[in-house]
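The values are calculated or read from the model by the stated rules, or taken from the named source; none is laboratory data. Everything numeric in this text was worked out from a predicted model, so none of it was measured. As a convention, Cβ positions derive from the backbone with ideal geometry for all residues, glycine included, and neighbour counts pool all protein chains shown. The protein model used for the area step is the full one, side chains on, heavy atoms only, and it has no ligands, DNA or RNA in it. Shrake-Rupley method; radii C 1.70, N 1.55, O 1.52, S 1.80 Å.
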Amino acid sequence: RIAVLDGSVQQGYLRQWLADSGIGFELVPVRSFDEGFAMAARGEVDLAAVNRFYGERHAAEAGLDATPIVFQPARLYFVVPHGRHADLLAAIERHLADWQSRPDSFREQVIARWVAAPRAPAVPPAVWWAVAGLGGLSAAGLGLSQMLRRRVARQTRDLRASEDRLATILNSVDAFIYIKDRALRYQYANRKVCDLFGRPLERVVGRPDADFFDPATCANLRSNDLRVLEKGERVETEETNRSADGSVLATYLSIKLPLRRPDGSVYALCGISTDITRHRQAEDEIHRLAFYDPLTGLPNRRLLVDRLQQALGGAARHPEHGALLFIDVDNFKDLNDTLGHPQGDLLLRRLAERLGGCVRAEDTLARQGGDEFVIMLRGLSAEVDEAVQQARRVTDKILQQVGDPFDLDGRPYRASVSIGVTLFGGRDEQLDDLLKQADLAMYRAKAEGRSAARFFDPEMQVQVSRRTALESALHHALAVGAFELHYQPEVDLDGRWCCVEALLRWRDPQRGMVSPREFIPVAEASGLIVPIGRWVLDEACRKLVAWAQDPERREWRIAVNVSARQFRQPDFVDQVRQALQSAGADPQRLELELTESQLVDDVESVAGRIGALKALGVRFALDDFGTGYSSLGVLKRLPLDKLKIDQSFVRDLLTDAQDASIVRAIVTLGATLELEVVAEGVENAEQRAALEALGCHGFQGYLFGRPAPM
């Protein structure tokens, strides 16, 4: 039970302090210090809380003893705005110092009033002198002692406050701050270091790095720390540290400074480390995205070009060759179209793994993009022939490795690649030229059957230049209307013309008559086949209108070949409808010829377009039948009108029993499906007779007429 002045500072402080200490207590409020002392003297309370001056003056009167318990000292502060009223503060300090130095000042008078002992009965003067002397000595001793205690207490408080402020600052900094002694044991660690180690400060201090990091990290830290402690160096370095259990790996930018005694000797080091793990990860990710393919993890074209430039610079100084291999997956589009793009991506990843097993560490395997890969071989022989053989051994290995089936999520898939190769070294070469040469060689490999490797030679460049010029001339021919149509008849059993096939011809002013075998592939590759195909449709429809007035020709149909690229145009049905309507042609006299390869990509879409045009009256023929990929199921679903037997079966009909059997089967199939059957490439009467004997009643070929203007 404690008597305390009601509403006083002591009352609030005691309540908080005792509550925190866990001591059971009861505060008894009183109206005055006198009342509290009286209750304590009577034993009604155990303690009475008063201020120091009152206690020193009246404790003895009440027969009470002072306790060692003291409250927080109170201070008076004078506050002014920062940077202003410096003269006022100086005046206050000056007066306070003056009051403390003069025994007759207001301060001393107040202290004397409140601390002075109460009057006692009169005593002899000698006693007073003795008491005064003893009191003076005691007061002097007490004053000196109290002054020293105050000074020590003030310095202790200032030091503790300074330490608290420093600890607050160090614990709030977003960095790992620590101090190690010469034995490399931690003497201080801020909160971030303790959090990193997962231990409180008392379990960090005195511990070595081995308690927190793996051996490799400890060895690296020790090397850097000894440079500071033994040589007095300032060390700034990146440190990659792994925790003792190996679960955490992080990178830090560390600055380590020596701590010196007054004589200059180093007694410890202070380290400041900043976690740059995310920064490094971000830099690595940016570098990876800039220089590596995200699908396969291989170098991309940018990094390949950089390494190729370095290789060209090195080849100019050293007598050796290198090789550039362009690798393209054959029929990759078919895989994407049939199995889907995820399976295509999986194949590319599997292929990258196999290609990686075919090259050495000093070589570069990169993904050019799409289904193209590039390999740069370095350190080949200085002799051209030997370098060619070395490169050929690599291409043979690649073709062999790729030839084995790939596992695509449990589905076996056989793939092949076409490879173009060009050598570099020993001559002045340009990077772009090498890339073009390897690309040309790769296309030569594709043109010659795929699943093969071909080396670049100057003749390829000549062909490419010719192809480029041909494409430019095709653009001009389309613009000026330099194309024309030739026609080849189809006849029935009686030799009557029932249909003519419109065949595109191009007469160039410089080149003369250009073969379709030469310019049609260029038109297909460049996309010009689409506008050229529209012109053919328009011209054929106009010709049908003109023939409608001719009794001899009004019953003829015109067959127009439609390229796969043109047929896939979203507005193809509208193109045909527009051509018929613009010319005013009879749709039943227009026949469109498709190839088997156009039927396998998307049967539903093909059937829909054929059905839409059949509704207009347009007929459809399947050209070059027997050489493609169509199945009986596909034929059954498509509303065709005619099958045209490919001329390759007709050519050897008289000498090859298998060709005769194939023709018989096609004729039977046509009859079963109620389709008209026409044999192409009939060049002599014997072939016509054999075809008629096999049941074929429609013919086309040189025997009946070559393609010519009408």
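Here is a yes/no grid of residues against (1) of a type outside the set (S, T, N, Q); (2) over 30 Å from Arg454 (Cβ atoms); (3) in contact with a Leu (Cβ under 8 Å, 6 or more places away or on another chain); (4) at pLDDT below 90:
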residue: Asp245; (1), (2), (3), (4): yes, yes, no, yes
residue: Leu259; (1), (2), (3), (4): yes, yes, yes, no
residue: Leu269; (1), (2), (3), (4): yes, yes, yes, no
residue: Arg278; (1), (2), (3), (4): yes, yes, no, yes
residue: Gln281; (1), (2), (3), (4): no, yes, no, yes
residue: Pro319; (1), (2), (3), (4): yes, no, no, yes
residue: Asp328; (1), (2), (3), (4): yes, no, no, no
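For segment 448-493, the set of residues classified as over 18 Å from Trp535 (Cα atoms), at pLDDT 90 or above and part of a loop (DSSP other than H, G, I, E, B) consists of Asp492, Leu493, listed by residue number. When residues in segment 181-212 are screened for being in a helix (DSSP H, G or I), over 41 Å from the mean Cα position of the chain (by Cα) and basic (Lys, Arg), 1 of them pass.
Restricting attention to segment 168-180 and to residues that are open to solvent by 70 Å² or more (accessible area, probe 1.4 Å) and outside any loop (DSSP other than H, G, I, E, B), the residue that is nearest to Ala244 (Cα to Cα) turns out to be Ser172.
Results for (1) touching a strand residue (DSSP E or B) at 6+ places or on another chain (Cβ under 6 Å); (2) under 27 Å from Leu335 (Cβ atoms), shown as yes or no for each residue.
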| site | (1), (2) |
| --- | --- |
| Val359 | yes, yes |
| Gly369 | no, yes |
| Gly379 | no, no |
| Glu386 | no, no |
| Phe406 | yes, yes |
| Arg411 | no, yes |
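Residue check: is Ala323 within 26 Å of Met376 (Cβ to Cβ), over 15 Å from the mean Cα position of the chain (by Cα) and at pLDDT 90 or above? Judged against the criteria, Ala323 is a match. Which members of segment 339-371 meet the condition of being surrounded by 13 or more Cβ atoms within 10 Å (Cβ to Cβ), touching a residue at least 60 places away in the same chain (Cβ under 8 Å) and in contact with a helix residue (DSSP H, G or I) (Cβ under 8 Å, 6 or more places away or on another chain)? Answer for segment 339-371, where residues must be surrounded by 13 or more Cβ atoms within 10 Å (Cβ to Cβ), touching a residue at least 60 places away in the same chain (Cβ under 8 Å) and in contact with a helix residue (DSSP H, G or I) (Cβ under 8 Å, 6 or more places away or on another chain): Gln343, Leu347, Leu351, Thr364, Leu365, Ala366, Arg367, Gln368. Screening the candidates Arg185, Arg203 for the property of being at pLDDT 95 or above and surrounded by 10 or more Cβ atoms within 10 Å (Cβ to Cβ) yields one hit, Arg185. I'd like the residue in segment 613-637 that is over 46 Å from the mean Cα position of the chain (by Cα) and assigned to a loop (DSSP other than H, G, I, E, B) and, out of all such residues, is modelled with the lowest pLDDT. If we take residues in segment 613-637 being over 46 Å from the mean Cα position of the chain (by Cα) and assigned to a loop (DSSP other than H, G, I, E, B), then Gly626 is modelled with the lowest pLDDT.
Residue-by-condition table, conditions (1) open to solvent by 20 Å² or more (accessible area, probe 1.4 Å); (2) over 19 Å from Val606 (Cα atoms):
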| residue | (1), (2) |
| --- | --- |
| Asp623 | no, no |
| Asp641 | yes, no |
| Arg651 | yes, yes |
| Gln658 | yes, yes |
| Ile662 | yes, yes |
| Leu675 | yes, no |
| Val678 | no, yes |
| Gln687 | no, yes |
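Inside segment 653-694, residues that are of a type in the set (Asp, Glu), in a loop (DSSP other than H, G, I, E, B) and more than 59 Å from the chain's Cα centre (by Cα) make up a count of 2. I'd like the residue in segment 401-440 that is over 33 Å from the mean Cα position of the chain (by Cα) and either open to solvent by less than 50 Å² (accessible area, probe 1.4 Å) or under 20 Å from Ala352 (Cα atoms) (or both) and, out of all such residues, is modelled with the lowest pLDDT. Among those that are over 33 Å from the mean Cα position of the chain (by Cα) and either open to solvent by less than 50 Å² (accessible area, probe 1.4 Å) or under 20 Å from Ala352 (Cα atoms) (or both), it is Glu429. When residues in segment 413-443 are screened for being closer than 16 Å to Asn331 by Cβ and in contact (Cβ under 8 Å) with a residue 40 or more places away in the chain, 7 of them pass. In the list Trp506, Trp535, which residue meets the criterion of being in contact with a Leu (Cβ under 9 Å, 6 or more places away or on another chain), in a helix (DSSP H, G or I), among the aromatic types (Phe, Trp, Tyr) and within 27 Å of Val573 (Cα to Cα)? Just one listed residue meets the conditions, Trp535.
Please verify whether Ala382 is farther than 19 Å from Arg301 by Cα and open to solvent by 10 Å² or more (accessible area, probe 1.4 Å), treating the condition exactly as stated. In short, yes. Taking segment 213-331 as the region of interest, the strands (runs of 3 or more DSSP E) fully inside it that hold 2 or more residues being open to solvent by 30 Å² or more (accessible area, probe 1.4 Å) and either of a type outside the set (Lys, Arg) or under 30 Å from Gln368 (Cβ atoms) (or both) are 235-242, 249-260, 266-275. The number of residues in segment 538-568 that are closer than 26 Å to Asp624 by Cα and either open to solvent by less than 50 Å² (accessible area, probe 1.4 Å) or outside any loop (DSSP other than H, G, I, E, B) (or both) comes to 18.
Figure legend. Inter-residue proximity from segment 152-166: first residues without any contact (Cβ under 8 Å) to a residue 60 or more places away in the chain, second residues surrounded by 10 or more Cβ atoms within 10 Å (Cβ to Cβ) and among the β-branched types (Val, Ile, Thr), beta-carbon distance below 8 Å, spacing 6+ or different chains. No pairs are indicated.
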